[in-house]
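Just below is one structure, and these are the notes that go with it.
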Amino acid sequence: MLLLQFLQSELIVDVGLFENEEQIKNWLKSLPVTVEDDTYYLEGEQLSGYTEVNFESSRYPLTRYSFDSTESILINWFEVPIIPQINGMVEGATKVDAYMVENSEVKSYIETRDEAAAAITDYYTKQGKQVVRAGLNSEDGEYLLVDGAILTHLDSMFIDDWANSESVEAFIKQIEE
């Protein structure tokens, strides 16, 4: 199934589910859609006060009052898994802090991230330094502060570097450089 959405700034409007892309394109034919390089969008000022999009036996209400008329409305659709039909890990990605991680890698990503943060915290705490994890869900993501200064972000490069390091000391030396 494909989920059709209208996106504008922080606004996400889930329109509905369609069986295939052809159905979505047919549904969109009754709207003033612009297509550029496979990107579909509506201009906010082209929407009327109230419109019903009729498709097969359904009616969908659409109004310019739902959107900022000065901005374009991106039209997006993507595959949505039907959970009971999935055998194994659901495909896709999961937001971990400020980063997207493939679902098949989320568990090891989080375990490695937490292991590395704990090892670094232990290393600096033994030296009498204060270590704080901060910035969770911020724009740049979580990071480690050592005595009030940012040491490193807990991003995918951090995870990869940790996984490839020979020791805590070697890793610390690498991130301090």
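Overview of results
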quantity: Members of the range 98-127 found to be assigned to a loop (DSSP other than H, G, I, E, B) and closer than 20 Å to residue 167 by Cα, listed by number; calculated: 126, 127
quantity: Which listed residue, of 121, 152, is touching a Leu at 6+ places or on another chain (Cβ under 7 Å), closer than 18 Å to residue 176 by Cβ and not aliphatic (A, V, I, L, M); calculated: 152
quantity: Test: residue in the range 57-65 that is part of a strand (DSSP E or B) and in contact with a Leu (Cβ under 9 Å, 6 or more places away or on another chain); calculated: yes
quantity: Residues within the range 29-49 that are in contact with a strand residue (DSSP E or B) (Cβ under 7 Å, 6 or more places away or on another chain) and either of a type in the set (Gly, Ala, Ser) or not in a strand (DSSP E or B) (or both), tallied; calculated: 5
quantity: Top-ranked residue of the range 141-177 - restricted to ones that are polar (S, T, N, Q) and part of a helix (DSSP H, G or I), ranked as modelled with the highest pLDDT; calculated: 156
quantity: Residue among 76, 20 that is surrounded by 12 or more Cβ atoms within 10 Å (Cβ to Cβ) and either assigned by TED's automatic domain parsing to the domain that holds residue 143 or at pLDDT 95 or above (or both); calculated: 76
quantity: Criterion violated by residue 95 - all others in (1) in a loop (DSSP other than H, G, I, E, B); (2) without any contact (Cβ under 8 Å) to a residue 40 or more places away in the chain; (3) surrounded by fewer than 17 Cβ atoms within 10 Å (Cβ to Cβ) satisfied; calculated: (1)
quantity: Single match in 59, 113 (criterion: assigned by TED's automatic domain parsing to the domain that holds residue 158 and either modelled with pLDDT of 95 or more or surrounded by 13 or more Cβ atoms within 10 Å (Cβ to Cβ) (or both)); calculated: 113
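Each row is one residue, and each column tells you yes or no for (1) over 30 Å from residue 140 (Cα atoms); (2) free of Cβ contacts under 8 Å to residues at least 40 places away in the same chain.
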| position | (1), (2) |
| --- | --- |
| 15 | yes, no |
| 25 | yes, yes |
| 28 | yes, no |
| 31 | yes, yes |
| 65 | yes, yes |
| 72 | no, no |
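The values are calculated or read from the model by the stated rules, or taken from the named source; none is laboratory data. All of these numbers come straight from a predicted model, not from anything done at the bench. We place every Cβ from the backbone using ideal geometry, glycine too, and count neighbours over all the protein chains shown.
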